[in-house]
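Quick one: structure below, then a few questions.
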Ligand code: ATP
Ligand code: FE
């Protein structure tokens, strides 16, 4: 089987063609970063409009690069939430149009399920496995038992780590997105010069907190500026190194606990923060110590893309599930079955 996957829940317009055996025939990602840059964040109205303008082009390009036509498809998968509602609606409407026009089944996909199922697409891992989703918008541990069976063990109670990296970069006048620039500075810094807190490590469970880290970094910065009249290059580097180490240690310790409580054979990560080498190495050690395999998909599949949506659609479709033309776009949609009821979910 072959699926088209459409993703438009944040600031990337993406379309991809994926085969049932996990082969990605094409994956087109059109980033809106430049459009939102001057506003210091994603502007929902601008995002929705850009998605609406770019979706058809992305789909056309994905089909062309895969060398297939609509008639070769077995179905259309689309992110139906959670995310910025205007963008999600644009994607769902585009998918409905294609599905109805070509007489194809329509499969609504939870964006987080797309991320969480990526190690199945890239490495064919078996269920169950533990997934740490760490991005600009999310941070949670998910126990994945089937394409539709996720248990949220815990997560951040405030900022996502990517958001914290971005805010630190802003504090230190480093370029956005903050993650890569903070990592580059940290590489030349001394992680032990400043001591930053390790929030919530003193408490049991798998919840995390990252906003206090940013506040502590802000205080250190202001103190340095007051004492020296400005920030030196080494100050910036050392602050980045301390910050990165704190995030890595919190993620690692909570992962260690999550694996100990749920001894599954694989610890997988997804999300843009998984690109960070210090964080990756810390998690790899945790998995190794627990006799688990560590899986980190390639970065282009860790960040938002259409291939993960196509794949999640294939997995749901294989369970015999699909949606009708009443498929709704949802701004909020918790993955965990035990969370709020999922209104209008598929058949
Ligand atoms: P979501 O997909 O959860 O809605 P998002 O689209 O912001 O959120 P991603 O595209 O997965 O998330 O990741 C982007 C985030 O990852 C940014 O916050 C960025 O700073 C962070 N990031 C990217 N590279 C690194 C890195 N090397 N180290 C730390 N963080 C990084
Ligand atoms: Fe995402």
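A short reminder: the numbers here are calculations on the coordinates, not readings from a lab. Computed from a predicted structure; not experimentally measured. Here Cβ is always computed from backbone atoms with ideal geometry, including for glycine, and neighbour counts include all displayed protein chains.
Using helices alone, I'd like the mean residue ellipticity at 222 nm for the chain: each DSSP H run of four-plus residues gives -39500 (n - 2.57), total over residue count, nearest 500.
-14000 deg cm²/dmol
Nearest 10 degrees, 0 to 90: what angle lies between the long axis of helix 85-102 and the longest principal axis of the chain (Cα atoms)?
30
Ok, one more. For region 165-187 and region 302-334, what is the centre-to-centre distance using only Cα atoms, to the nearest Å?
33
Output the relative contact order of region 210-347, whole-number percent, from Cα pairs under 8 angstrom with separation of 6+ residues.
Normalised by residue count, the contact order of region 210-347 is 17 percent.
What is the helix-to-structure angle for 161-171, meaning the angle in degrees between its Cα long axis and the longest Cα principal axis of the chain, kept from 0 to 90 and rounded to the nearest 10?
Roughly 50 degrees, rounded to the nearest 10.
May I pose another question? Pairs of Cα atoms under 8 Å, at least six residues apart: use those to get the relative contact order of the chain, whole percent.
23
Ok, one more. Fewest first, what order do 65, 315, 45 take by the number of other Cβ atoms within 10 Å?
Fewest to most other Cβ atoms nearby, the residues stand as 45, 65, 315.
Can you tell me the orientation of helix 211-228 relative to the chain, as the angle in degrees between its alpha-carbon axis and the longest Cα principal axis, to the nearest 10?
40
When DSSP beta bridges are limited to those with both residues in the chain, what percentage is antiparallel, rounded to the nearest 5?
Roughly 60 percent of the beta bridges in the chain run antiparallel, per DSSP.
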